[in-house]
Amino acid sequence: MKKMKKIAVFASGNGSNFQAIIDEIEQGRLFAEIVALVTDKPDCFAVERAHNHNVPVFAFDPKKYTSKDEYEKEIAFYLIEKSVSLVVLAGYMRLVGDVLLKAFPNRIINIHPALLPAFAGKNGILQAWQYGVKIFGVTVHYVDAGMDTGKIIAQECFKANGKETLTEIEQKIHTIEHQLYPQVIREIL
Ligand code: GAR
């Protein structure tokens, strides 16, 4: 029998990508178990989504630790104990450090709402919009020590007609994200 793979999702905000992964699993289209939601924002909406779907939460306040190494050691220990085979960053707005990168080599992925390497960092959609790009898109990539760097796994794009509002572009991007991320996770697992 095929063994169910265990994944951990990291999020800092709304968690709509986290929700898309949950939905895909609950609808039987992704054969995986989310064994942890890890967050640096204990009050974020992603935590509520985790509670609604019985996903265990590891919440931490970075300010209470003396270094990134220190909190990442706790996270790594927690995830290794739960036999996590893939770490999925979904709006986790923090650089991943050495401890986690070494604990999960080539096993941490991220989604970004722009066609990397353009418009890395925060507010990728707004950055692209303000630059006036005509082709928007989404990137899924392996995580390394940089900000939204690391080898690209998948990209999807669409052409703007020039009449969309920023909100409409954002909606289109999120719709792509919610379909692309579970698909990439399925392929990797
Ligand atoms: C997503 O659009 C994701 O691509 C972006 O944060 C958003 C999280 O939304 N990530 C980055 O910008 C990474 N640099 P969500 O909390 O609703 O999933």
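The values are calculated or read from the model by the stated rules, or taken from the named source; none is laboratory data. Remember, predicted model here, so these are calculated numbers, not experimental data. Only protein heavy atoms, including side chains, enter the accessible area calculation; ligands, DNA and RNA are left aside. Shrake-Rupley method; radii C 1.70, N 1.55, O 1.52, S 1.80 Å.
How large is ³J(HN,Hα) for each residue in segment 180-189, as worked out from phi by the Karplus curve 6.51 cos²θ - 1.76 cosθ + 1.60 (θ = phi - 60°), to whole Hz, x for Gly and Pro?
Residue by residue, segment 180-189 yields 6, 5, x, 5, 5, 4, 4, 5, 5, 5 Hz.
Given a 10 angstrom Cα cut-off, can you work out which residue in 86, 37, 126 is the most mobile in a GNM of the chain?
Among 86, 37, 126, the largest GNM mean-square fluctuation belongs to 126.
Given the alpha-carbon gyration tensor of segment 37-126, what are the semi-axes of its equivalent ellipsoid in whole angstrom, ordered largest first, with each equal to the square root of 5 times an eigenvalue?
They are 21, 17, 14 Å, listed from largest to smallest.
When the accessible area of the chain is split by element with a 1.4 Å probe, what percent falls to carbon and sulfur?
Details: 5340 of 10050 Å².
Whole-percent figure for carbon plus sulfur exposure: 53.
Run lengths n ≥ 4 of DSSP H only: what is the helix-derived mean residue ellipticity at 222 nm for the chain, with -39500 (n - 2.57) per run over all residues, to the nearest 500?
Helix-only estimate at 222 nm: -11500 deg cm²/dmol.
Quick one: ranking 83, 12 by accessible area, 1.4 Å probe, largest first, what do you get?
Details: 83 75, 12 15 Å².
Largest to smallest exposure gives the sequence 83, 12.
Can you give me the three principal axis dimensions of the chain from its C-alpha atoms, in Å, biggest first?
Computed over the chain, the largest-to-smallest principal extents equal 49, 43, 30 Å.
Cut-off under 18 Å on the C-alpha distance; same-chain residues fewer than 8 positions from residue 3 excluded. Which lysines are left, in chain and number order?
Filter leaves 82.
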